[in-house]
1. For Tyr55, only one of the following conditions fails: (1) within 24 Å of Phe193 (Cα to Cα); (2) surrounded by 15 or more Cβ atoms within 10 Å (Cβ to Cβ). What is its number?
2. Report yes if Ser102 is hydroxyl-bearing (Ser, Thr, Tyr) and either open to solvent by less than 10 Å² (accessible area, probe 1.4 Å) or out of contact with any Gly (no Cβ under 8 Å at 6 or more places or on another chain) (or both), otherwise no.
3. Taking region 255-267, which residues are in a loop (DSSP other than H, G, I, E, B) and open to solvent by 80 Å² or more (accessible area, probe 1.4 Å)?
4. Look at region 154-178 and say how many of its residues are assigned to a helix (DSSP H, G or I) and either closer than 16 Å to Gly223 by Cβ or open to solvent by 10 Å² or more (accessible area, probe 1.4 Å) (or both).
5. Output the residues belonging to region 181-197 that are open to solvent by less than 30 Å² (accessible area, probe 1.4 Å) and either among the β-branched types (Val, Ile, Thr) or not in a helix (DSSP H, G or I) (or both).
6. Looking at the structure I just gave you, is Arg149 in contact with a Leu (Cβ under 7 Å, 6 or more places away or on another chain), of a type outside the set (Phe, Trp, Tyr) and loosely packed, with under 14 Cβ neighbours inside 10 Å?
7. Please go through region 198-246 and pick out each residue that is outside any strand (DSSP E or B), in contact with a strand residue (DSSP E or B) (Cβ under 7 Å, 6 or more places away or on another chain) and either over 13 Å from Ala6 (Cβ atoms) or small (Gly, Ala, Ser) (or both).
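The values are calculated or read from the model by the stated rules, or taken from the named source; none is laboratory data. Please read all numbers here as calculations on a predicted model, not as lab measurements. No Cβ is skipped: glycine too gets one built from the backbone with ideal geometry, and neighbour counts run over all protein chains shown. Quick note on the areas: whole protein, heavy atoms, side chains included, nothing else; ligands and nucleic acids left out. Shrake-Rupley method; radii C 1.70, N 1.55, O 1.52, S 1.80 Å.
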Amino acid sequence: MKIALAQISVVQGDVSKNLQKVKNFAMQAKANNADIIMFPEMFVCGFNYKKNNEYIQAHQNELIFELSNIAKTNNLYLCGSTPHLINPTKPPTNRMHLFDNSGNEIAHYDKLHLFSVFNEHRHCSAGNKITVVETPLGQIGLAICYDLRFPRLFETMAEMGANIVLLSAGWPYPRSEHWQILTKARAIENQFFVVAVNQCGTECFGEKKIEYFGLSQAIDPWGNVIAQCNKDIPDSLAFADINLQDVIDVRKKIPVHTDKRNDIYLT
């Protein structure tokens, strides 16, 4: 299996421009025989919550159709997070969609852990369900950005059978060291693949600017970086070749899942 990591610079509030980037990257991914293309967090709109809410209330179905069509047209699985309205009386969730290569949304995940430092909890509704889906490409778990700091989520996905976790992010400076360490840690401790795709570029909020550093990367179950986009290089693409036999082999060498003392830990 080959996964394309699409490290894009998201144009805040301009869904049309971002969708054109998505289409271009999907075509490149398909030309390189990728099976899945991964995009960052809020890859169609950025983090202007007011504009996002207005857009999604009027155009949610059209957006889903566009993403579905891109997956189908390019015969690719497509994954990334967007705002998603479940209840019109409540804020949208931060939803990660997984479309198969026929354009069907086969799974979604609403972000569990909202980043209070950036007031995400004031603008988004939290999810309440962990997602692992069985696909012809493997057992895929879904996660978003801040989730990376909560190891129990990843441990639970491993217990649910995940052998690969796809994570979309908008992870900014100055925490690039945390990003690199935590993606490796989640892969090593759970002995599965972690494919983490981050935004890259600058997003403005009035006079305040957020700098995303990129460094999208795929980590194997042994903790090796097997694909990586460059730091501070927006609109770049990297490819990870995934062999799920590696998960089986590593778990045989070091059987942490069978040695774990679930009789002792708090549930």
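1. The single condition Tyr55 does not satisfy is (1).
2. So Ser102 fits the description; yes.
3. Arg261, Asn262, Asp263, Ile264, Tyr265, Leu266, Thr267
4. To start, the set of residues in region 154-178 that are assigned to a helix (DSSP H, G or I) comprises 154-159, 176-178.
Narrowing further to those that are either closer than 16 Å to Gly223 by Cβ or open to solvent by 10 Å² or more (accessible area, probe 1.4 Å) (or both): 154-156, 158-159, 176-178.
Here the count works out to 8.
5. Thr183, Gln191, Phe192, Phe193, Val194, Val195, Ala196, Val197 - these are the residues of region 181-197 that are open to solvent by less than 30 Å² (accessible area, probe 1.4 Å) and either among the β-branched types (Val, Ile, Thr) or not in a helix (DSSP H, G or I) (or both).
6. Judged against the criteria, Arg149 is a match.
7. Leu215, Ser216, Asp220, Pro221, Asn230, Asp232, Ile242, Leu244
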